[in-house]
Amino acid sequence: MSQSELRGEQRAAENTPETDDAPSLTIDRRTLVKGGVIAGAAAVITSKKTAVFAQSLGPPPGVAPPAMCTEEPANSPATTPFVDTLPIPLPGIPTLLSPIPTKAANTGAGEAARDDHQRWDEFRPLIFYHSIAAPSLHQFHRDLSPTYLWTFNGRYPAQTFLGIYGLPALVRFRNSLPIDHPVPAIPQLTVHLHNGHTPSESDGFAGDFFDSGLWKDNHYPNVYAGVDDFGGIGDPREAMRSFWYHDHRAEFTAPDNYFGLNGQYILYDSKDPGHELPTPGSLRLPGYYGVTDIPLQLHAILFCPTANGRTEAFFDGVPAVDKWIINGKIQPKLTVRRRKYRFRVLNTGPAKEWNISLIGSDGQQKPFTVVATDGNFVQNPFVISNRTLLIPVATRFDIIIDFSQFNAGTSVYLREAAAQFVGVATPDPAPGLPIGNVVMRFDVVNREFSFPADTPPIPSTLIQMPNPIVPDDSFQWNFTRDGDPVRFRINGQVFDHNRVDHAVLKGSSEEWVLANDVIAGAWTHPVHIHFEEGRIMSRTHTNRDAAGNILSVDNVPLLPEELGRRDVYRIPSQDRLTIRLRFRDFVGRYLIHCHNMAHEDNFMMVRWDIVDSVAELTRKRREIDERRMLAGLPPQYGEGAKKGRLV
Amino acid sequence: MKRRELFTGREPMSAATCCKPGVSRMASLIPNASFRTQDNQEVRFYDDMIKGKQVMVMMMYANCETFCPLATQRMVELHHKALAPRMGKDLFLVNVSLKPEEDDPAALKSYAEAHHALLPGWTFLTGTRYDVDTLRYRFFTHDHIGIDLDQDQHAGLMKIINDPVGRWFHADVFASTRTVLDHIHWSDPPKGLAERLEDNRKLQKRIDQDRALYGYRKIA
């Protein structure tokens with residue numbers, strides 16, 4: 001008997017039906033029900049089990065399947081502005097899990113197949129969450145009837161998980177999505193924590209999705225990058241604050257996200273402790289979650305009313321969305337006190353880019369301060385007062401708005417450059433500000449005595465950016481739309497979950513060039529690199545004449561939001577970005593992809609691996625070059641390519 | 001018969017009948033136009049080719065010299081390697097001509113013969129320019145005019161339609177055998193829970209075997 005078979009036997013033995021909470025999934029439902037009737041005393045447990053089965057086999061009770069629109073409506077129904085209050089996503093509530101999470105996948109109890117958790121004993125989870133993906137109804141506006149969505153724990157927006165660096169967490173994602181439904185999304189789940197320093201088996205690899213009825217434990221060590229070098233919980237300078245989690249199922253990321261499978265995840269440490277008290281090391285930014293520190297999740301939907309009295313979200317590839325959604329509401333309002341607030345702005349996609357600005361009731365643009373880009377503090381906070389802030393898909397910006405600059409009783413508006421469809425005749429809320437451009441309204445009031453007092457001024461330096469790392473090697477990723485047949489390609493190939501396209505050694509660092517050299521089409525790609533934050537070194541733009549000949553290559557000065565660390569890099573046509581990254585602490589399969597989810601679902605994605613040993617690196621790189629040769633593509637490492645560090 | 005009826009193969013949609021819960025949307029998304037097979041039989045695209053089935057749809061034309069023959073070859077190879085037991089039973093392949101003006105049923109038949117592609121479950125279709133374009137737009141649209149107008153952009157990409165499930169999937173036929181088969185497998189109708197769990201256990205076994213052999217997970 002082989003070792004793996006032995007382990008399988010062992011695992012099976014550990015999960016016999018007799019143990020209290022491991023449900024025997026080999027017994028079919030009828031047997032269970034029958035058993036419940038006969039066994040009497042066991043009836044309670046049995047019916048509980050039956051409920052779990054029932055959930056996974058069809059829509060749960062109470063949520064009737066949607067009646068989808070068959071034709072794209074010209075526009076969404078009309079909605080009156082500023083009637084709903086901005087909802088604030090609930091914090092995740094820790095719980096106990098049964099069966100107890102294990103290092104190896106507990107397939108006997110229905111856990112999805114995976115590699116063993118890495119560094120499990122070192123970062124054994126202490127906080128547990130249970131997040132169940134299931135259908136539910138959500139009302140996006142008072143004037144709209146409920147919409148059928150796929151949500152985590154029945155809520156849209158989903159729960160925000162609040163964690164602390166050094167306190168490893170584990171989220172059990174259970175797939176209870178219905179199999180029989182007409183939504184163009186797919187009931188298969190692989191949840192990616194964007195951009196956590198997460199071991200590969202918990203990173204939501206696009207091909208690692210699991211079916212309805214199964215569950216998977218995602219282990220989030222909540223450590224800073226650099227554990228191997230710094231020991232303990234890593235290098236505190238690598239701290240990230242605002243993450244988000246979302247489904248990453250290959251081919252179906254766009255619809256699964258459009259229908260609501262995403263949420264936010266926040267990590268605190270002593271610098272940014274989740275409160276405003278003067279504790280050592282704290283920057284004292286507005287920090288009470290839900291009170292002065294509020295997530296703003298941007299989404300856009302095309303609604304259509306259906307015959308059965310519901311308003312469904314229309315999805316057909318890339319729909320012509322015309323309602324701007326913020327935290328699950330259309331044009332909500334929020335009462336704010338005259339003090340500073342922190343908003344964690346996130347664009348949940350699937351494809352719309354946002355250009356936001358703040359407009360006062362006098363029609364003038366008002367300043368707000370950006371303190372973090374993609375969850376990383378910037379060295380020097382910068383103010384957006386005379387331009388819009390561009391938010392590509394999946395990008396996060398932590399911004400601070402100081403409402404003490406406004407008089408009590410006035411309103412301030414969050415403006416999006418593109419207008420939405422409102423349909424209710426409304427006068428301009430401020431001079432020169434059409435109602436369609438307003439995403440939400442802030443109503444400013446005086447601070448009550450009991451409300452937390454304002455925080456000190458935002459420090460002019462939040463962190464000291466370390467010197468750029470010295471890369472061991474360099475590599476180039478070409479994002480194109482070409483080839484034969486024409487496709488979205490990265491380095492000449494379309495996504496194949498079974499194929500590695502680049503291998504790097506754990507602990508090494510590389511300089512990567514992200515190049516978008518397509519001449520036709522002017523595609524812009526917000527490129528996302530899993531696992532590690534990168535530092536942008538430079539951006540160039542190539543000018544070409546009509547025939548495609550290069551006229552000049554210009555250096556484009558970096559914007560303030562590009563000076564901090566990032567994990568989404570927006571690359572307009574003819575741009576090239578040079579970034580530097582390090583690959584630390586964990587190994588396995590990771591992804592690079594265009595986060596325009598329509599492109600991603602059309603295979604604009606590559607798998608790259610972090611490997612443990614030089615032998616594995618050599619083997620994988622040789623395999624990559626051999627495969628490229630067979631496909632008629634130039635090699636990446638061997639002869640004819642720039643010599644790699646170790647190959 | 002009204003144009004719309006011809007197109008959708010259903011009664012005209014009204015507010016009361018347009019949306020039946022739980023009914024596949026495919027019927028309203030996929031044209032039901034009339035096509036002719038390589039054997040010169042008239043078929044309705046949705047009713048005869050798609051309805052209730054799991055079907056791979058590809059675009060080609062007979063005198064294509066670039067990737068259509070390669071794609072056909074690739075599918076023939078996959079047919080013999082792995083798909084044969086399913087083809088014609090619960091899995092079908094439909095090749096639609098991009099150049100219906102040139103491709104009459106006889107031309108399609110000789111193309112199929114030349115590529116040894118007269119296999120169970122395989123159909124080659126030709127129709128009118130209007131219907132072919134409609135089909136192409138429904139399946140292969142990118143919301144980008146430059147791509148959507150260029151008919152050569154669609155060969156090699158295969159749509160896999162699973163009508164009972166009400167979804168379509170896609171796969172690159174030039175990817176590795178394992179990957180194409182994975183994509184076809186991903187579009188299979190959902191299995192019962194017991195079977196899903198069994199598949200999951202098998203996958204875990206393969207992962208464990210990989211780790212024992214290579215020290216890392218080789219399969220995706």
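Out of curiosity, is B:L181 at pLDDT 90 or above, at the interface with chain A (Cβ under 7 Å from one of its Cβ atoms) and assigned to a helix (DSSP H, G or I)?
No; evaluated as a whole, the condition is false for this residue.
State yes or no: is A:R584 more than 14 Å from chain B (Cβ to nearest Cβ), surrounded by 23 or more Cβ atoms within 10 Å (Cβ to Cβ) and either in contact (Cβ under 8 Å) with a residue 24 or more places away in the chain or more than 27 Å from A:Y220 (Cα to Cα) (or both)?
yes
Check off (1) crowded, with 20+ Cβ neighbours inside 10 Å; (2) away from chain A (no Cβ under 14 Å); (3) at pLDDT below 95 for B:Y130 and give me the number that stays unchecked.
(1)
Anything in the range B:184-220 that is closer than 20 Å to B:W168 by Cα, at the interface with another protein chain (Cβ under 8 Å from one of its Cβ atoms) and in a helix (DSSP H, G or I)? List them, or say none.
Of everything in the range B:184-220, just one residue is closer than 20 Å to B:W168 by Cα, at the interface with another protein chain (Cβ under 8 Å from one of its Cβ atoms) and in a helix (DSSP H, G or I), namely B:W186.
Looking only at the range A:347-363, which residues are of a type in the set (A, V, I, L, M) and touching a residue at least 60 places away in the same chain (Cβ under 8 Å)?
Passing the criteria: A:A351, A:I356, A:I359.
Condition first: crowded, with 17+ Cβ neighbours inside 10 Å and within 12 Å of chain B (Cβ to nearest Cβ). Now tell me which residues in the range A:64-94 satisfy that.
A:P65, A:P66, A:A67, A:M68, A:C69, A:T70
Given the residues B:E102, B:E77, B:E65, which is the only one that is surrounded by fewer than 20 Cβ atoms within 10 Å (Cβ to Cβ) and in a helix (DSSP H, G or I)?
B:E77
Which one of the conditions (1) farther than 24 Å from A:F495 by Cα; (2) within 14 Å of another protein chain (Cβ to nearest Cβ); (3) not hydrophobic (A, V, I, L, M, F, W, C) does A:N543 fail to meet, given that it meets all the rest?
Unmet for A:N543, out of (1) farther than 24 Å from A:F495 by Cα; (2) within 14 Å of another protein chain (Cβ to nearest Cβ); (3) not hydrophobic (A, V, I, L, M, F, W, C): (2).
Would you please name the residue that is surrounded by the fewest Cβ atoms within 10 Å (Cβ to Cβ), looking only at residues in the range B:83-99 that are of a type in the set (G, A, S) and closer than 16 Å to B:A112 by Cβ?
B:G88
Taking A:I490 as the residue in question, decide whether it is touching a residue at least 60 places away in the same chain (Cβ under 8 Å) and surrounded by fewer than 20 Cβ atoms within 10 Å (Cβ to Cβ).
no
Among A:G231, A:G290, which is under 27 Å from A:G349 (Cβ atoms), out of contact with any His (no Cβ under 9 Å at 6 or more places or on another chain) and surrounded by fewer than 23 Cβ atoms within 10 Å (Cβ to Cβ)?
A:G290
Restricting to the range A:316-332, what's the tally of residues that are farther than 20 Å from A:R155 by Cα and either more than 22 Å from the chain's Cα centre (by Cα) or not small (G, A, S) (or both)?
Selection size over the range A:316-332: 6.
Please find, among A:E561, A:E600, the residue that is more than 24 Å from A:R489 (Cα to Cα), touching a residue at least 60 places away in the same chain (Cβ under 8 Å) and out of contact with any Lys or Arg (no Cβ under 7 Å at 6 or more places or on another chain).
A:E561
Taking the residues in the range A:532-558 that are in contact (Cβ under 8 Å) with a residue 12 or more places away in the chain and of a type in the set (D, E, K, R) as candidates, determine which candidate is farthest from A:R387 (Cα to Cα).
Filtering first and then ranking leaves A:E532.
If you scan the range B:157-204, which residues turn out to be in contact (Cβ under 8 Å) with a residue 60 or more places away in the chain and β-branched (V, I, T)?
B:I160, B:I161, B:V165, B:V173, B:T177, B:V180, B:I184
Of the residues in the range A:224-251, how many are charged (D, E, K, R) and under 16 Å from A:S200 (Cα atoms)?
Count: 2.
Looking at this structure, is A:A372 more than 23 Å from A:T461 (Cα to Cα) and modelled with pLDDT of 95 or more?
Here the answer is no, as A:A372 does not meet what is asked.
What are the residues in the range A:200-211 that are crowded, with 24+ Cβ neighbours inside 10 Å and either touching an Asp or Glu at 6+ places or on another chain (Cβ under 6 Å) or not acidic (D, E) (or both), if any?
If the condition is that a residue be crowded, with 24+ Cβ neighbours inside 10 Å and either touching an Asp or Glu at 6+ places or on another chain (Cβ under 6 Å) or not acidic (D, E) (or both), then A:E201, A:S202, A:G204, A:A206, A:F209, A:F210 are the ones that fit.
Tell me the residue from A:P236, A:P178 that is within 14 Å of another protein chain (Cβ to nearest Cβ) and surrounded by fewer than 24 Cβ atoms within 10 Å (Cβ to Cβ), please.
The match here is A:P178.
Does the range A:209-228 hold any residues that are in a loop (DSSP other than H, G, I, E, B), among the hydroxyl-bearing types (S, T, Y) and more than 14 Å from chain B (Cβ to nearest Cβ), and which are they?
A:Y224
From A:H141, A:H192, grab the single residue that is assigned to a loop (DSSP other than H, G, I, E, B) and over 21 Å from A:D269 (Cβ atoms).
Result: A:H141 is the single residue among A:H141, A:H192 that is assigned to a loop (DSSP other than H, G, I, E, B) and over 21 Å from A:D269 (Cβ atoms).
Among the residues of the range A:248-265, which ones are within 20 Å of A:P199 (Cβ to Cβ) and either touching a Pro at 6+ places or on another chain (Cβ under 8 Å) or in a strand (DSSP E or B) (or both)?
A:Y265
Might you check whether a residue that is within 14 Å of chain B (Cβ to nearest Cβ) and part of a loop (DSSP other than H, G, I, E, B) occurs anywhere in the range A:563-580?
yes
Taking the conditions exactly as written (surrounded by 19 or more Cβ atoms within 10 Å (Cβ to Cβ) and of a type in the set (S, T, Y)), does A:T461 satisfy them or not?
For A:T461, the condition - surrounded by 19 or more Cβ atoms within 10 Å (Cβ to Cβ) and of a type in the set (S, T, Y) - is not met.
Do we have A:Q159 as polar (S, T, N, Q) and either more than 14 Å from chain B (Cβ to nearest Cβ) or over 19 Å from the mean Cα position of the chain (by Cα) (or both) here?
Yes: the conditions hold for A:Q159.
Return only the number of the condition from (1) away from every other protein chain (no Cβ under 13 Å); (2) within 18 Å of the chain's Cα centre (by Cα); (3) not polar (S, T, N, Q) that A:A206 does not satisfy.
The one condition A:A206 does not meet is (1).
Identify, by number, the condition in (1) within 30 Å of A:D228 (Cβ to Cβ); (2) among the small types (G, A, S); (3) buried (at least 22 other Cβ atoms within 10 Å of the Cβ) that A:G166 doesn't meet.
Among (1) within 30 Å of A:D228 (Cβ to Cβ); (2) among the small types (G, A, S); (3) buried (at least 22 other Cβ atoms within 10 Å of the Cβ), the lone unmet condition for A:G166 is (3).
Going through the range A:359-395 one residue at a time, which ones are surrounded by 19 or more Cβ atoms within 10 Å (Cβ to Cβ) and not in a strand (DSSP E or B)?
A:S361, A:D374, A:G375, A:P392, A:V393, A:A394, A:T395
What is the one condition in (1) within 22 Å of A:D208 (Cβ to Cβ); (2) modelled with pLDDT under 95; (3) crowded, with 24+ Cβ neighbours inside 10 Å that A:N153 does not satisfy?
Only one criterion in (1) within 22 Å of A:D208 (Cβ to Cβ); (2) modelled with pLDDT under 95; (3) crowded, with 24+ Cβ neighbours inside 10 Å is unmet by A:N153, namely (3).
Quick one: A:Y245 ticks every box in (1) in a strand (DSSP E or B); (2) more than 15 Å from the chain's Cα centre (by Cα); (3) buried (at least 23 other Cβ atoms within 10 Å of the Cβ) bar one, so which box is it?
(2)
The values are calculated or read from the model by the stated rules, or taken from the named source; none is laboratory data. Everything quoted here is computed from the prediction, not taken from an experiment. Virtual Cβ from ideal backbone geometry, glycine too; neighbours counted across all protein chains shown.
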